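The values are calculated or read from the model by the stated rules, or taken from the named source; none is laboratory data. Since the structure is predicted, the reported quantities are computational estimates derived from the model, not experimental observations. Because the Cβ atoms are built from the backbone with ideal geometry, glycine has one as well, and the counts that use them run over all protein chains shown.
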Amino acid sequence: MKHLIESKLKIYQTKRKANLKSLNAFDHALYIIPKEYDDSVLSKIPQGLKLKKLLKNSQNKASSRLNNDNFTGLTLSIFDKKNSFENLTWARKTLTHIISENPNSVAIIISGIPKKEIVTILESLVAATEALIFKPPKYQLKDKKVKKIYKFKFFQIPTKVDLSLVRAQAIGNNIARWFTIQPPNKLDAKIYRSEIKKLVKPFNIKYQFFDEVTLKKMNAGAFLAVSQGNKDRNAGIVKLSYRPNKNTKPELALIGKGIIFDTGGTNLKPFSSMLNMHMDMEGSAVALGSLISLAILKVPFPIDTWLAITENRISSTAYKAQDIIKAHNGKTIQTIHTDAEGRMVLADALSIASKEKPKLIIDYATLTGSCVAALTEKYSGVFTNRSKANNLMLEAGIRSGERVWPFPMDDDLEEPIKSEIADLKQCAISEYGDHIHAAKFLSHFVPKNIPWIHIDLSAGKNKGGLAHIPTDATGFGVKLTVELFKSKKITSVLKDL
Ligand SMILES: [Zn+2]
């Protein structure tokens, strides 16, 4: 799994000015200037003044070649600082064409931009480059597996910019996208497990697997209700323990929905709804990617990650509507719709994780279509048992460029999932507000004294990518999570809850 944790991007930063001759060594030069520029800005970049005409005919971007021995390719881009989401989108738009030409080396020259904004430019460009050069899994006859290194050199940088956070986020995001894009027969439960095991090894993260037999002994009936329809017995819950010190108790628990293929089960999905259901494990991939990012950054607090991995199949042994299921925490569930399997496996994962009394639980799941209906595929939904966490998440979303929006969790919203025969209905009969009902359902499996944040990943897939991400699978959630813990203290998050 080395290819997932080793970046193919080499970055150099220098105070030096570039000149026409030094640019001979590069395949491409990228000039970045502010929206309000004058001759003094252009005169500081090689052949800058010659670009004036070019700029007049275009809006924010222009392409040409330098008149040097190498005829170095040239892109000129105007940077107009906005919010993180828009800065990242700008970075991708600026770089897509450059990367598509497969350059070995790119020189980036920033002129006329204040020091503070230079940091933003570097962070955005590096995030976008890492996302663009990442090769998603492909199964083609002519797939060339070249081990290519891209060299990016930034000129005229007054103070070296620390890019460790951005780079750790990129690795975590690439991991999340890699697994999410994998076709379902290339990533069955067994393969997924073994790849996770290999992936976490270099980080000294302990790997444990709770198989169906173990989960039965633990009374994890909600998880097993879903996995009982599988042909093989490979489903289960993966536990990953990151322990930077000797402490054994987890402070943070990350939980992910890992439905490696969702047919809908007995309540079978129609063609178009089932087409991309190999991606229904993205929550688990995001939890995993977030853990790796935080391990790369060496955060000093212990983390447990729980990945609930199974298929949701139609079969003679699959669970059905009106089945009564007993979950790990003893609560009984009246099954309503077998396609609401995500909340079933999460219920037990949340309950099992809670036993270890973490100080904070975050779960990630491509959970409901109604969250997409409410927010589109550009935002993800946030639900919590601590209303103060809504602001925390909203702000982290703005800063990271992975935007989230909070939903209400009032008690009366729970009425549609009250059951006459069991403790809870799995979901409401009507589809209205299913994302809220799902969150209310999950809240029954987290003790009230543990702060809990549930992220419904409606932005886990967006046609054509999102912000700096070029693929439909966005890996949404890793950058947001790292943003939350970038101070490397869990207390900085907890004090606000
Ligand atoms: Zn489903």
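For segment 399-449, filtering for residues that are part of a loop (DSSP other than H, G, I, E, B), over 26 Å from residue 352 (Cα atoms) and among the hydrophobic types (A, V, I, L, M, F, W, C) leaves 1. Which one of these is in contact (Cβ under 8 Å) with a residue 40 or more places away in the chain and under 16 Å from residue 169 (Cβ atoms): 469, 453? Exactly one residue qualifies, and that residue is 469.
Only residues that are among the basic types (Lys, Arg) and closer than 19 Å to residue 212 by Cβ were counted in segment 233-247, giving 2.
The residues on offer are 397, 460, 464, and the sole one that is of a type outside the set (A, V, I, L, M, F, W, C) and on the phi > 0 side of the Ramachandran plot is 464. Looking only at segment 22-40, which residues are assigned to a loop (DSSP other than H, G, I, E, B) and either outside the structural domain of residue 90 (by TED's automatic domain parsing) or buried (at least 16 other Cβ atoms within 10 Å of the Cβ) (or both)? The answer is 26, 27, 37.
I'd like to know if segment 281-299 contains one or more residues that are more than 15 Å from the ligand (Cβ to nearest atom), surrounded by fewer than 23 Cβ atoms within 10 Å (Cβ to Cβ), aliphatic (A, V, I, L, M) and farther than 28 Å from residue 175 by Cβ. Taking every residue of segment 281-299 in turn, none turns out to be more than 15 Å from the ligand (Cβ to nearest atom), surrounded by fewer than 23 Cβ atoms within 10 Å (Cβ to Cβ), aliphatic (A, V, I, L, M) and farther than 28 Å from residue 175 by Cβ.
Go through segment 79-98 and count every residue that is exposed (fewer than 14 other Cβ atoms within 10 Å of the Cβ) and in contact (Cβ under 8 Å) with a residue 40 or more places away in the chain.
Final tally of qualifying residues: 3.
Go over the candidates 185, 173 one by one and state the one that is farther than 23 Å from residue 343 by Cβ and in contact with a strand residue (DSSP E or B) (Cβ under 8 Å, 6 or more places away or on another chain).
Details: 185 fails: in contact with a strand residue (DSSP E or B) (Cβ under 8 Å, 6 or more places away or on another chain).
Exactly one of 185, 173 is farther than 23 Å from residue 343 by Cβ and in contact with a strand residue (DSSP E or B) (Cβ under 8 Å, 6 or more places away or on another chain), namely 173.
Restricting the first member to segment 475-497 and to residues that are in contact (Cβ under 8 Å) with a residue 60 or more places away in the chain, and the second to residues that are basic (Lys, Arg) and surrounded by 13 or more Cβ atoms within 10 Å (Cβ to Cβ), the beta-carbon pairs closer than 7 Å and six or more apart or on different chains are 475/177; 483/399; 490/359; 494/359; 497/386.
Taken over segment 208-244, the residue count meeting the criterion of being assigned to a loop (DSSP other than H, G, I, E, B), surrounded by fewer than 15 Cβ atoms within 10 Å (Cβ to Cβ) and among the aliphatic types (A, V, I, L, M) is 0.
Note on segment 483-497: residues that are under 17 Å from residue 397 (Cα atoms), hydroxyl-bearing (Ser, Thr, Tyr) and part of a helix (DSSP H, G or I) amount to 1. Answer with yes or no whether residue 480 is in a loop (DSSP other than H, G, I, E, B) and of a type outside the set (D, E, K, R). The answer is no for residue 480.
Rundown of residues vs (1) assigned by TED's automatic domain parsing to the domain that holds residue 42; (2) in contact (Cβ under 8 Å) with a residue 40 or more places away in the chain; (3) closer than 29 Å to residue 40 by Cα; (4) not polar (S, T, N, Q), yes/no style:
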residue	(1), (2), (3), (4)
114	yes, no, yes, yes
119	yes, yes, yes, yes
127	yes, yes, no, yes
133	yes, yes, no, yes
137	yes, yes, no, yes
148	yes, yes, no, yes
153	yes, yes, yes, yes
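Among the residues of segment 335-378, those identified as under 25 Å from residue 238 (Cβ atoms), aliphatic (A, V, I, L, M), more than 17 Å from the chain's Cα centre (by Cα) and within 16 Å of the ligand (Cβ to nearest atom) are 340, 344, 345, 346, 347, 349. Applying the criterion of at least 3 residues that are within 30 Å of residue 378 (Cα to Cα) and modelled with pLDDT of 90 or more to the helices (runs of 4 or more DSSP H) found wholly in segment 41-142 leaves 84-100, 115-133.
Okay, residues lined up against (1) surrounded by 21 or more Cβ atoms within 10 Å (Cβ to Cβ); (2) in contact with an Asp or Glu (Cβ under 9 Å, 6 or more places away or on another chain):
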| residue | (1), (2) |
| --- | --- |
| 117 | no, no |
| 128 | yes, no |
| 131 | yes, no |
| 176 | yes, yes |
| 185 | no, no |
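Which of the residues spanning segment 473-497 are crowded, with 19+ Cβ neighbours inside 10 Å and among the small types (Gly, Ala, Ser)? 473, 475, 477 - these are the residues of segment 473-497 that are crowded, with 19+ Cβ neighbours inside 10 Å and among the small types (Gly, Ala, Ser). Scanning segment 454-472 for residues that are surrounded by 24 or more Cβ atoms within 10 Å (Cβ to Cβ) and not charged (D, E, K, R) yields 454, 455, 457, 458, 459, 460, 466, 467, 468, 469. If the condition is being in a helix (DSSP H, G or I) and of a type in the set (Lys, Arg), then segment 169-195 contributes 177, 190, 193.
Quick check on segment 245-259: of everything there that is more than 12 Å from the ligand (Cβ to nearest atom) and modelled with pLDDT of 95 or more, which residue is surrounded by the most Cβ atoms within 10 Å (Cβ to Cβ)? Only one residue fits best here, namely 258.
Could you say whether any residue in segment 137-148 is in contact with a His (Cβ under 7 Å, 6 or more places away or on another chain) and within 18 Å of residue 465 (Cβ to Cβ)?
Going residue by residue through segment 137-148, those that are in contact with a His (Cβ under 7 Å, 6 or more places away or on another chain) are none.
For segment 137-148, residues in contact with a His (Cβ under 7 Å, 6 or more places away or on another chain) and within 18 Å of residue 465 (Cβ to Cβ): absent.
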